[in-house]
Amino acid sequence: MFGRKKSPKKSYDATKVEPVLRVSICTGEKVAGFRDLVSGKIVDEMLVGSDADLEHFKEIYGIAGEIPKVY
């Protein structure tokens, strides 16, 4: 009934950034974002509370396969 709204598709420059899942060792909190390939700086995009959230992030950005975890 109250399903998730369809988010517009977004894109990212795969030559400059890579998708990563930042995971806290202490709390287990997960945040999906992008890591700059030159500087290594991570820009957070979305809090991931469940597998469905992660799949939604991948769907928005057209990401296939596994996203590497950064601790």
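Only the coordinates and a few stated rules stand behind these numbers; no lab work does. These numbers come from a predicted model, not from an experiment. We place every Cβ from the backbone using ideal geometry, glycine too, and count neighbours over all the protein chains shown.
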Here the FRET efficiency for VAL38 versus GLU66, based on Cβ atoms and R0 = 30 Å and rounded to 0.05, is 0.85
How would the chain be classified by its alpha-carbon gyration tensor: rounded, prolate or oblate, with rounded meaning a/c under 1.5 and the a/b versus b/c comparison settling the rest? oblate
Give me the one-decimal nm value for the distance between modelled label points at ALA14 and LEU47, 7 Å along each residue's Cα-to-Cβ direction. 3.1 nm
Quick check for you: which residues of the range 35-71 have the amide N under 20 Å from the point 7 Å beyond the Cα of THR27 toward its beta carbon? 42-54, 69-71
Give the range of the longest stretch in the chain that excludes all GluC sites (Glu not before Pro) found in loop regions by DSSP and having at most 12 other beta-carbon atoms within 10 Å. 30-65
